[in-house]
Amino acid sequence: MEQINKDSMKADQQKDFNMEITVSDPQKRTGEGGTSTAYVSYQISTKTDNPGYHDGKFNMNDIIVVHRRYSDLLLLHDVLANDYPTCIIPPLPDKKVFQYIAGDRFSQRFTQKRSHSLQNFLRRISLHPTLSQSSILKMFLTSNDWDTYRRSLIDNLPSNKEEVTDAFMNAFKSVNIQNDEFIEIKERSDKLDHTITKLDKIFHKVVKKNDSISEDYVKLGTALQELSELVTGENDELAKNLKIFQEGIIQLSYLINDLNKYLDYDYLVDLKDMEHYIESMRQLIKLKDQKQIDYEELNEYLTKSIKEKDDLIAGYGGSNFFTNKLEELAGISQEASRRDKITKLEERITSLDGELENARKIADGFEQETLKEIAQFENVKAKELKDTLGELADENIKFYEKMLQTWTKVDESLV
Amino acid sequence: MNNINIFENLNNNKIKNDNDEEEEEEEEDNNPFSGTNHMFASGMAGVPDIDTLSGTTELKPGYEYPSQQSAENNNNHKDTTLDNNDSPYSDDANLSTISSRTHSSSNSSDIDSHDFHSNSNVNSTSSNSQYEPYENLSLSVALAQQQNQENIMQDQKDWQIKIVESGNFNDQWGKHTIGYVIHYNDKEVIRRYSEFSSLHDLLVKFFPTIVVPPIPSKHSLMKYFLNPINAQYDTKVIEKRKRKFASFLNNCNNTPEIKSHIIFQKFLDPDFVWKDVIHSPPVTILPQNNLLAPPLNQVKPSPLHPLLPSPNTSNSPTNSQIMDSLKDNTELMNVAKEFIKIESLLSHYLAILQPIYNEVKHNKFHLSSLSGQFAELGAFYNALSIENLPFGKLSSCIEKVGRSYDIKYVSMEVLTEGIQNLLEENVEEIVKLLLDSRRVIVFKNMKLCQYQIVKITLQKRQNRLKELNEFEDKLNRLDMALNRDAVSSRTVATVVDNLKRKDYDNNKKNGNTNTNNNVESTNQPIESNNNSNEPDLEQIKLEQKHIQLQYQLQKKRKKINKYTSKLDSLGPEFLTKTERDLEGKRIAKEIEKLNECFKVIQRDIKEVNLSSMTSLANLLQHVQNKLDFMLHGIVKLILNYNLECLNAWKEAKSLINEM
């Protein structure tokens, strides 16, 4: 708890540093050492004004470049998840098992998309006030000793199985008194998720359609070429026009391909990552609910105990008339056992009180932290939406400008 | 009105000329149709003749409609046409009055139905707007669409015929159908799909040498299957047909031959009920076989055309066959070469344009589904924008992106519609025209075939006649030689006597039996020749040889006769004099007829070649013009689309940058 506070304090002080991370140039590598398994290495370049990253030795404008593979990022993710349970750890792209089976793991399309997704992951971390300050991130982004560092880490990583089972046990319980704010957050995230998923699906279709349209134009282009050749000699003017038009169509087909590449490799990945990010946020909310459920259960137990005690004190509680009669017949001193019970209950109540207070603190703290995280999430989301929409607009503008240029030229050259 | 009168007068004059010419021809010929002559006459009254002056297929300016006609005076028009009808039926006045009555009655019902239609039209237009996807357009997009329409309109600027509306109406039998209101010369007439279709079929029959503009194809069976009740009321299909019918009528109108044809004129004239038109001349007197009638005027009576051979259309000659057969006629050969060139060009066009048509159709489907996806994207971005309302600026940015997609969607719809109107429909029309051009080419080839058959037959007959005559000459020469020598040689004189006697015997025998039993008679001269030892030995030897030959051939002829019984398939030396004479006379007659036929077919060929060539060349020009027009139009469409989208995105981007 305090640890978290301290960390966030530190983050508050240091968050002015800029950090720009780019993941690029996926390269197929054959396995190091004896293992012959191939993997893909990504070039990760960091540009930051944080002096800690430069060890004071380098110029601030230097770009720090390291090469990492997917499993490295996975490790980073897991370590962060363990270290900062109250943070929304940005999700990594899926392992995509079927890609392995299809032997498509090293295709340009796959690695390009993944590299974009990994970049999203690292950028989200770098935007996060707490996560961006973690030393492991610095290690990951700068160190040449990462490989050895990783090997020592990987074997001794604590498992978080317990949490999983816990969460599973409580999967069907829900919070009794839900904060209105959270209800709203949940609703909003549901809606957002729904919309983004839909957009994702439609863009998938758009990409497919664009592909077939581009194909159409290639075919149309060849037919027009033939037509132009046929008309040559017969009507040279028309032949020339057809040729010009045909070139325009081919250009159109290229431009569609370019735009489509952007949509497929970048925009769709962004949407998918957004979906995952929303999912991570929901997980955090679930965890928060978990803490609250713990507190509520404890509270319930306490109220029960207090009520039992009160009943005993009042003389009626705890047992019914017949049991009292029986105990009376058996010669058991009711009064003594009652007093005994009451003292036991009082002990339990005081200890419960302490625990409850503790649980409440944890739950409240968690809730606060979660709200902060969600605010952070919203920031990242807003920034990403802005950025991706900006890129989308840019790409579209680029596309239409080139189109306009091409077709204006065609229009002018037509006789 | 005056114009019409002039036109009608022209018609009448022409017809008179026609009649005169026909009569002249008929005097010369023994018209096999003399019994059915009135049928032609009645047809002729209705058909203004184009090719009265044989050979000249130039279009007479008098035949063109004066471009502007104010023809609101229907009565006058009707009267004159009825006058036309009257002349053939002059002795049967009742018929014409009946027909005039049906006309007037149908007129009133037409007007009724039109009234009904104009009411229903309000409905149809209002329901149309329901389907309009552009209800809440931004101004810019509305402008784009307008421009799009202008683009298409440009093509139709010179269109004189317009399809004003379409909608439900009840025909005179109370049947509920879809009608298309044709506006032409300030007159409106409603025609149905089936009527368009029958007009097209008729035009194809009337003009074997002219490429007839296509009409839209029938509803696919699939559509009926999917939506049996509403298929024919599909507004999109009706709109498409409206455009295509307008294009069809105007293309017809731009083809002078079709424009001046009475059937086409009647189609545009509200005074005529189409059902009556297709059940009266000239439709009813269309010949069964278009090869056996004057090629440029199928219903013009011609006694000679039915005598022409009718080659089987299924084995139309190939180009190389045609070239082979025309080796001896350089003029026709050159024309044929020209045809082959244009034909291969047209078929190449077809081979390229057909796949393009399919491609464009595919592309249209793809584009329209893409535009649907854009619409969805627009909707979901708007949803996203509403969800992000608390973020203020971001929300409006997202909204702008959504709007960009909305505009993309609408522009894409406009583009798709433009592609359909401009590219798909035009390419389809061209493909259909190219397909129809094959009909013209086949007809032309069949005509050539006909020409060839007549020519060869004529040659055969002429050869035969020559053969016969030559043989006769030879015999005459022989006779003369014999007679000359008989004066100086007794032996020869005896031979001549013998021959004469034999001839006499032969004639007698032939007169009785008329069989080919000449063996005895030919035996005798050989015997008699044995007596001769006189000087003109060579001559006699020659004769002897000849007679011996004849004897042998006579024997052969007996053998041949087992296989063939026709005399004219035998060499003239197998025939007796009477047979030769008979055949000679017969052949001379045949040749006379054949010569006439040959003249007819030669003229036909010239007409067909000229008319087909003009039509095909026009088609080629039309195709090229259309292609050029399409290119320009499409480029404009694409530019418009790009401009719209670019502006929308730039707007969105500037807002994003403000953040």
Residue satisfying all of: in the stretch B:359-404; touching a residue at least 40 places away in the same chain (Cβ under 8 Å) and among the β-branched types (Val, Ile, Thr); nearest to residue A:189 (Cα to Cα) among these: B:401
Members of the stretch B:389-416 found to be of a type in the set (Lys, Arg) and more than 10 Å from chain A (Cβ to nearest Cβ), listed by number: B:403
The stretch B:247-282: number of residues that are closer than 12 Å to residue B:199 by Cα and either among the charged types (D, E, K, R) or in the same structural domain as residue B:596 (by the TED database) (or both): 2
From A:381, A:402, residue being more than 30 Å from residue A:250 (Cα to Cα), basic (Lys, Arg) and within 14 Å of another protein chain (Cβ to nearest Cβ): A:381
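Only residues that are among the polar types (S, T, N, Q), facing chain B (nearest Cβ under 7 Å) and surrounded by 17 or more Cβ atoms within 10 Å (Cβ to Cβ): list them for the stretch A:211-254, please. Let's see the steps before the verdict.
Filtering the stretch A:211-254 down to residues among the polar types (S, T, N, Q) leaves A:212, A:214, A:222, A:225, A:228, A:232, A:235, A:241, A:246, A:251, A:253.
Narrowing the set further to residues that are facing chain B (nearest Cβ under 7 Å) leaves A:212, A:235, A:241.
Scanning the stretch A:211-254 gives A:235, A:241.
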Selection status of residue B:381, more than 10 Å from every other protein chain (Cβ to nearest Cβ), over 30 Å from residue B:615 (Cα atoms), assigned to a helix (DSSP H, G or I) and among the aromatic types (Phe, Trp, Tyr): no
Within the stretch B:607-653, considering residues that are within 7 Å of chain A (Cβ to nearest Cβ) and either polar (S, T, N, Q) or outside any helix (DSSP H, G or I) (or both), the one surrounded by the most Cβ atoms within 10 Å (Cβ to Cβ): B:642
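Taking the criterion of being closer than 16 Å to residue A:381 by Cα, of a type in the set (Phe, Trp, Tyr), more than 7 Å from chain A (Cβ to nearest Cβ) and in a helix (DSSP H, G or I), would at least one residue in the stretch B:357-365 satisfy it?
no
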Residue B:420 being facing chain A (nearest Cβ under 9 Å) and part of a helix (DSSP H, G or I): no
Number of the exception - residue B:386 against (1) closer than 28 Å to residue A:223 by Cα; (2) at the interface with chain A (Cβ under 10 Å from one of its Cβ atoms): (1)
Test: residue in the stretch B:397-412 that is buried (at least 20 other Cβ atoms within 10 Å of the Cβ) and over 30 Å from residue B:651 (Cα atoms): no
Checklist (1) more than 9 Å from chain B (Cβ to nearest Cβ); (2) among the charged types (D, E, K, R); (3) closer than 27 Å to residue B:634 by Cβ applied to residue A:411, failing item: (1)
Where a residue in the stretch A:303-315 is closer than 14 Å to residue A:351 by Cβ and touching a residue at least 60 places away in the same chain (Cβ under 8 Å) and its partner, wherever it lies, is hydrophobic (A, V, I, L, M, F, W, C) and loosely packed, with under 15 Cβ neighbours inside 10 Å, with Cβ under 9 Å and at least six apart: none
Tally of residues being of a type in the set (S, T, N, Q), modelled with pLDDT under 70 and crowded, with 16+ Cβ neighbours inside 10 Å across the stretch B:153-172: 1
Failed item, numbered, when residue A:110 is tested on (1) at pLDDT below 85; (2) within 14 Å of the chain's Cα centre (by Cα); (3) assigned to a helix (DSSP H, G or I); (4) among the hydrophobic types (A, V, I, L, M, F, W, C): (2)
When residues of the stretch A:127-169 are limited to those that are among the aliphatic types (A, V, I, L, M), out of contact with any strand residue (DSSP E or B) (no Cβ under 7 Å at 6 or more places or on another chain) and modelled with pLDDT of 70 or more, the one farthest from residue A:375 (Cα to Cα): A:153
Qualifying residue in the stretch A:363-378 (condition: among the hydrophobic types (A, V, I, L, M, F, W, C) and within 10 Å of chain B (Cβ to nearest Cβ)): no
Which listed residue is in the same structural domain as residue A:279 (by TED's automatic domain parsing) and modelled with pLDDT under 90, from A:192, A:238: A:238
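The values are calculated or read from the model by the stated rules, or taken from the named source; none is laboratory data. Treat the numbers as computed from the prediction; the structure is a model and nothing was measured. Cβ coordinates were reconstructed from backbone atoms using ideal geometry, including for glycine residues, and neighbour counts include every protein chain displayed.
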